[in-house]
Amino acid sequence: MHPTTSDAPLSVTSQTTPPTRFTVSTPAEVQRGSIFLTFTKPAAAPDVTCTGISVSLPRGDAAGDLVNDEPRADYMLIDDYPRDSTGATWSVLRLPAAATPAAPAWGEATGHEFANIFDPRDDLYYKTGGPVPKDSALVVDYGVAQDIVNLDIGTGIDHRYKVQMLRLQSSMDGLTWNNLDTDPVQDTSRIERVFDPPLRARFLRILTVVDPSNEGFAIVRRFLTNQGAQTRADDDTVTFVCTPDEGEAVFDDSRDFTLILSNIPVNRTPGAAALGITQTVIADGDEDHHTTSLDGFEKADSAFVFENFSGEQTRVGNGDHVTLHWTGSPENTEYHLSWDDRTERIGVPAGRDCSFDTADLPGFTGLSRTTTFVLDAQTTNSSAQTVHHYQSTTVTVTDPDIEATSLTATGRIAVREDGTDTFLARSDDAGTQALTTCAEGDVTVIA
């Protein structure tokens, strides 16, 4: 788990599943995750009386957004689970609200029952158990008024069980209804509408028209709104408004409230997202609203790549630096570079074509001898354990410095003609012997 915290009147601690970071979606697969938010009273603070908590998840395709709003992701499937340590119950309102039925007349009479399920896979649907009653309606309540830019309704299967004649209607209060078309819709299995400007409504319904053609069973297999690309505000969110059923919740040292949001579809862009949290509390007899931002929700590419580790130069001069290159996954990997007896964590590059110059290593003055670099790419598995991946490369050095415990020469040891040092043999308790010594110039012997 990767916790982040924020303090308002109530302290908030968050944890995520998968741990550490979310995995971004791909064109082939929608990735999902969960967030655990726990609210407690800060230590030594007075009791807090709370009347509501709202949590907003940024929605869109930007790096700072979290929720994938592609039609295939269906963010309306996000599940919410409120838990109070005292056992008290809380209600959760989702904004924008998920579609729910409002006691449609199709289910009021025995023999007219139906399965009432919205499912993006389109394999479950509304189905009457008997003939459709005249002037009955299938009503969808979105919970709050919202802008509807398109509508897609499918009825019947294989040209059977269609609602033969119907009116599409909208309403703000569920009492007064407005027709969306001048004439009734007749004998069609697909009804599509685009609204420009958007249609503002809380309720939509299919009203069957009194006509002999409506006798028989009926199936509504799709009832979708706002599908596909649409204009969105930059601050679009999915918001969960939590309220205690008792009207208020008093947080003392022993009480906590946890909101679990699961099945969150993650968008396709790596980055870091922040949640908006608003707490409504009672202070001096009045309600105060405290809004904070909870950051640290990281999204990363799931595809791990680590290959082609090499130096830009295979041979450098004594004291020079080398640029190392490799192909890697910067979004979900930590890199540690080792050489000789040192190990340094190096910065995560911005892309998969990675490079690092040894001149950026602290206190490293350059290569003085042939050196082997080992790069350790560290990732985290599903059990939050660190996994190591290693690659190495060797860079040789021209005119290297040589350190040795012992040195044996079967030929000769010489100093370069342009060298500035003389050949020295040093030892505190040992002598230096030579079978044959040739000297040109002065020879000094120190006993």
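The values are calculated or read from the model by the stated rules, or taken from the named source; none is laboratory data. The structure displayed is predicted, hence computed values, not measured ones. Virtual Cβ from ideal backbone geometry, glycine too; neighbours counted across all protein chains shown. Accessible surface areas use protein heavy atoms only, side chains included; no ligands, DNA or RNA. Shrake-Rupley method; radii C 1.70, N 1.55, O 1.52, S 1.80 Å.
Inspect region 279-291 for any residue being among the hydrophobic types (A, V, I, L, M, F, W, C), modelled with pLDDT under 90 and within 15 Å of the chain's Cα centre (by Cα) and give the result as yes or no.
No: region 279-291 contains no residue that is among the hydrophobic types (A, V, I, L, M, F, W, C), modelled with pLDDT under 90 and within 15 Å of the chain's Cα centre (by Cα).
What single numbered condition from (1) open to solvent by less than 60 Å² (accessible area, probe 1.4 Å); (2) over 15 Å from T38 (Cα atoms); (3) among the hydroxyl-bearing types (S, T, Y) fails to hold for T291?
Only one criterion in (1) open to solvent by less than 60 Å² (accessible area, probe 1.4 Å); (2) over 15 Å from T38 (Cα atoms); (3) among the hydroxyl-bearing types (S, T, Y) is unmet by T291, namely (1).
Test A272 against the stated conditions and say whether it is open to solvent by less than 30 Å² (accessible area, probe 1.4 Å), within 25 Å of the chain's Cα centre (by Cα) and of a type in the set (G, A, S).
Here the answer is no, as A272 does not meet what is asked.
Output the number of the condition that D135 fails; it satisfies all remaining conditions of (1) in contact with a helix residue (DSSP H, G or I) (Cβ under 9 Å, 6 or more places away or on another chain); (2) at pLDDT 90 or above.
(2)
Can you tell me how many residues in region 183-197 are surrounded by 12 or more Cβ atoms within 10 Å (Cβ to Cβ), part of a strand (DSSP E or B) and touching a Lys or Arg at 6+ places or on another chain (Cβ under 9 Å)?
Of the residues in region 183-197, 1 are surrounded by 12 or more Cβ atoms within 10 Å (Cβ to Cβ), part of a strand (DSSP E or B) and touching a Lys or Arg at 6+ places or on another chain (Cβ under 9 Å).
Quick one: V415 ticks every box in (1) surrounded by 10 or more Cβ atoms within 10 Å (Cβ to Cβ); (2) in a loop (DSSP other than H, G, I, E, B); (3) at pLDDT 80 or above; (4) not polar (S, T, N, Q) bar one, so which box is it?
Checking V415 against (1) surrounded by 10 or more Cβ atoms within 10 Å (Cβ to Cβ); (2) in a loop (DSSP other than H, G, I, E, B); (3) at pLDDT 80 or above; (4) not polar (S, T, N, Q), the one that fails is (3).
Among the residues of region 139-182, how many are out of contact with any Leu (no Cβ under 8 Å at 6 or more places or on another chain), outside any strand (DSSP E or B) and surrounded by fewer than 18 Cβ atoms within 10 Å (Cβ to Cβ)?
8
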